[in-house]
């Protein structure tokens, strides 16, 4: 059995995933009570398979003790309302307003805000000589941007951040801790829901130029649906970008030759961001449910089974990415799966790219050198690759 709950796996999951990909690429893990899919081709096939549902909450709830399931039905109902958990044909209609809110023209309009925010943070850090690149940079930048897009006042950011963190903790925990993490997620989602409902009612009376007002322009939009979409946007738009920024900075620390190349050729930064996304994918797995029985790479998956498509493993598949363990900012453009694939590919991918490009550009432009003050530590989460902190010292 592959042990995915050890400290060694948390610090470096890739040797174990490499062995799994070679020996048992569609592997059933009793430890997680789920299927683990690791080959690139199987992940792409599975994500688009008509028998695979985006509903990832039902198979988890079904693993709860039977006498506990009813108390979490409200959590399941709220999460199932998210566009990223919708299947066709409902998916197209609920995703459309999110896609509109993240139109390339709108994303470009946030460049001045992101640049100004990053410059202010770095100016303070350079004055102090130190910076926790996670807590002081990677967290506030995407959180601020996504709140501006949605139309959430800044005094609500801490609540929505806690909500996103609690949801990530629930989705990234093993079955043994489903119940306590689900309880935390239910509590924070309920609080965030109440907070968002007040804002939504304000926008009904006085629309603004934000996503909440855009969603409410649809006559069929209910307060519950709008709140669910906003919560999903915070969850997806904040967590993924935060991890991209933290992981990318760590990669630059580990590879000074690549960092120096970016200083000399800043036009390579977009390619470097793609390589960061590939080699240290912010989201390591995409959860799905088998809606009906199916065969995948010779394995029989039953209806109702939980399936984890391990994008972190697929992005290291040597059949697709030559020398996959090498961090190479000169790597030719590749179709990594860091933002998912098919109809559920992350609609905020280009926004995350924009934020990352600005952060790395400003950091390399405004600093001559920086060092890591202590060894990195990772959050104990199976779904995301997330640093706890990244303390830098400037000299």
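Taking the conditions exactly as written (without any contact (Cβ under 8 Å) to a residue 60 or more places away in the chain, in a helix (DSSP H, G or I) and crowded, with 24+ Cβ neighbours inside 10 Å), does residue 196 satisfy them or not?
Values: without any contact (Cβ under 8 Å) to a residue 60 or more places away in the chain: yes; in a helix (DSSP H, G or I): yes; crowded, with 24+ Cβ neighbours inside 10 Å: yes.
So residue 196 fits the description; yes.
Of all residues in the range 50-67, which are part of a helix (DSSP H, G or I) and more than 11 Å from residue 307 (Cα to Cα)?
Scanning the range 50-67 gives 58, 61, 66, 67.
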Notebook entry, point to check: Has the range 18-38 got any residue that is within 21 Å of residue 220 (Cβ to Cβ), touching a helix residue (DSSP H, G or I) at 6+ places or on another chain (Cβ under 8 Å), touching a residue at least 12 places away in the same chain (Cβ under 8 Å) and assigned to a helix (DSSP H, G or I)?
Noted result: no
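Among the residues of the range 171-182, how many are part of a helix (DSSP H, G or I) and in contact (Cβ under 8 Å) with a residue 24 or more places away in the chain?
As a first pass, look at the range 171-182 and keep what is part of a helix (DSSP H, G or I): 171, 175-182.
Still in the running and in contact (Cβ under 8 Å) with a residue 24 or more places away in the chain: 171, 175, 178-179, 182.
Residues in the range 171-182 being part of a helix (DSSP H, G or I) and in contact (Cβ under 8 Å) with a residue 24 or more places away in the chain: 5 in total.
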Check: Among the residues of the range 106-121 satisfying the criterion of being assigned to a helix (DSSP H, G or I) and closer than 19 Å to residue 212 by Cβ, which is nearest to the chain's Cα centre (by Cα)?
Finding: 107
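Take residue 209 and decide whether it is assigned to a loop (DSSP other than H, G, I, E, B) and surrounded by fewer than 18 Cβ atoms within 10 Å (Cβ to Cβ). Steps first, answer last, please.
On the way: assigned to a loop (DSSP other than H, G, I, E, B): yes; surrounded by fewer than 18 Cβ atoms within 10 Å (Cβ to Cβ): yes.
Spelling it out, residue 209 is indeed assigned to a loop (DSSP other than H, G, I, E, B) and surrounded by fewer than 18 Cβ atoms within 10 Å (Cβ to Cβ).
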Notebook entry, point to check: Going by the conditions given, is residue 185 modelled with pLDDT under 95, in a helix (DSSP H, G or I) and buried (at least 20 other Cβ atoms within 10 Å of the Cβ)?
Noted result: no
Notebook entry, point to check: Going by the conditions given, is residue 79 crowded, with 20+ Cβ neighbours inside 10 Å and either part of a strand (DSSP E or B) or out of contact with any strand residue (DSSP E or B) (no Cβ under 6 Å at 6 or more places or on another chain) (or both)?
Noted result: yes
Next item on the list: For residues that are under 24 Å from residue 108 (Cβ atoms) and surrounded by fewer than 22 Cβ atoms within 10 Å (Cβ to Cβ), tally how many sit in the range 359-374.
Entry: 5
Note to self: Looking only at the range 248-285, filter to residues that are touching a strand residue (DSSP E or B) at 6+ places or on another chain (Cβ under 7 Å) and assigned to a helix (DSSP H, G or I); which one of those is surrounded by the most Cβ atoms within 10 Å (Cβ to Cβ)?
What the structure shows: 250
Check: Within the range 127-159, can you find the residues that are part of a helix (DSSP H, G or I) and under 21 Å from residue 251 (Cα atoms)?
Finding: 133, 134, 135, 136, 137, 138, 140, 141, 142
Checklist line | Enumeration of residues in the range 359-395 that are in a helix (DSSP H, G or I) and closer than 30 Å to residue 96 by Cα | finding: 359
Next item on the list: Check the range 231-244 and report whether any residue there is closer than 28 Å to residue 372 by Cα and not in a helix (DSSP H, G or I).
Entry: no
Check: residue 134 versus (1) modelled with pLDDT of 95 or more; (2) within 30 Å of residue 5 (Cβ to Cβ); (3) out of contact with any strand residue (DSSP E or B) (no Cβ under 7 Å at 6 or more places or on another chain): which is the lone unmet condition?
Finding: (3)
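The values are calculated or read from the model by the stated rules, or taken from the named source; none is laboratory data. All values reported here derive from a predicted model rather than from experimental measurement. Note that we place each Cβ from the backbone using ideal geometry, even for glycine, and neighbour counts take in every protein chain shown.
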